[in-house]
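As structure tokens, the structure follows; a few thoughts come after it.
What follows draws every value from the coordinates through simple rules; no lab data is involved. Here the structure is a predicted model, which means the values were calculated and not measured. Cβ: placed from backbone, ideal geometry, glycine included. Neighbour counts: every protein chain shown.
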Amino acid sequence: MSKIIIDARESGTSTGRYIDKLIEHLAKLPSDHNFTILTKEHRLAYIKKIAPKFKVLDCPFDEFSLSEQLDVLKQLKDLNPDLVHFGMVQQPILYRGKVVTTMHDLTTVRFRNPSKNWLIFTFKREV
């Protein structure tokens, strides 16, 4: 039985619709895997509603932030998953476990986002 984590911090956004639907449909399938969903506090009830068998945890760390790099990394290490699915490219760059990353488009490769932490955004773009 594998421990699978799904990073759903973008749940409820336009990009997050993909991850919401993925969770909703995975929850309907028979599975021997243990799923844990990481999401922000305002989405906890929604995720629990669409995936009542999944463990749902608060992950209040903003994308492209230092806390994403440190605190999400710590949360993942503490959970010790077999696989993490990041539904976006924003993720701890030092995480070395098995991952699946969904890249919706190449905007972050081509354009700089001035509303994000410029140092982390630039570093992640180059890595």
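At-a-glance table
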{"item": "Theoretical gain in end-to-end length, HIS33 to MET103 [0.36 nm per residue, Cα-Cα removed]", "result": "22.8 nm"}
{"item": "Across LYS53/LYS77; LYS28/LYS74; LYS21/LYS55, pairs whose alpha-carbon gap is larger than 19 Å", "result": "LYS53/LYS77; LYS28/LYS74"}
{"item": "Computed label-point distance, nm, for sites TYR95 and LYS74 using a 7 Å Cα→Cβ extension", "result": "1.6"}
